[in-house]
Each structure stands twice: as C-alpha cells, then as structure tokens.
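A short worksheet on the structure shown next.
What follows is calculated from the coordinates using simple rules that are stated; it is not laboratory data. Here the structure is a predicted model, which means the values were calculated and not measured. Neighbour counts are summed over all protein chains in view; Cβ atoms, including those assigned to glycine, are modelled from backbone coordinates with ideal geometry.
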C-alpha cells in the first residue's frame, strides 16, 4: 500500500472534508443528546452517500504546482 502523490494536500478534496465532518458529528453525537434529535435517523447513510458522490465528482487538481 502506498500513499497517493501529494497526500499532504488531501484535505482539499471534498470527500476528505465531508468524511472529517461526518467523523466530528459522530464523535459529538453521544456528548450532545440534542444533536441526535436534530439529525435524521439514517444520517450516516446520507453522509456516506454524499462522501461517495464527492469522491467521483471531478475536483480541482491537487499537485505540487499549487504550493503554499
């Protein structure tokens, strides 16, 4: 297994951002019971679908030329 080129810039992909947001909500959900009341019962499935769609949509190229 090898990392993708320019893996340090992976945060720029929408799929990575959505996965991180999903993880944060999943971690906060047991700590904030009112959050569970706001989210639909199958929100994990909706989040997984959004991540999958974001992964296949053409996104900006993350390459070395786009250095900070």
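The table below lists the values:
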quantity	calculated
Candidates 32, 18, 46, ranked by Gaussian network fluctuation over the chain, Cα under 10 Å, top entry	32
Angle in degrees between helix 14-28 and the longest Cα principal axis of the chain, rounded to the nearest 10	30 degrees
Cα long-axis angle, helix 43-56 against the chain (0 to 90 degrees, to the nearest 10)	10 degrees
Footprinting exposure proxy for 8, 17 (fewest neighbouring C-beta atoms within 10 Å first)	8, 17
Helix-only mean residue ellipticity at 222 nm for the chain, each DSSP H run of n ≥ 4 adding -39500 (n - 2.57), per residue, nearest 500	-16000 deg cm²/dmol
Of 48, 37, 20, the one that fluctuates the most in a GNM where the chain has Cα springs shorter than 10 Å	37
Over the chain, volume per residue of the alpha carbon convex hull, in Å³	127 Å³
Whole-number percent relative contact order across segment 8-60, with pairs defined as alpha carbons under 8 Å at least 6 apart	55 percent
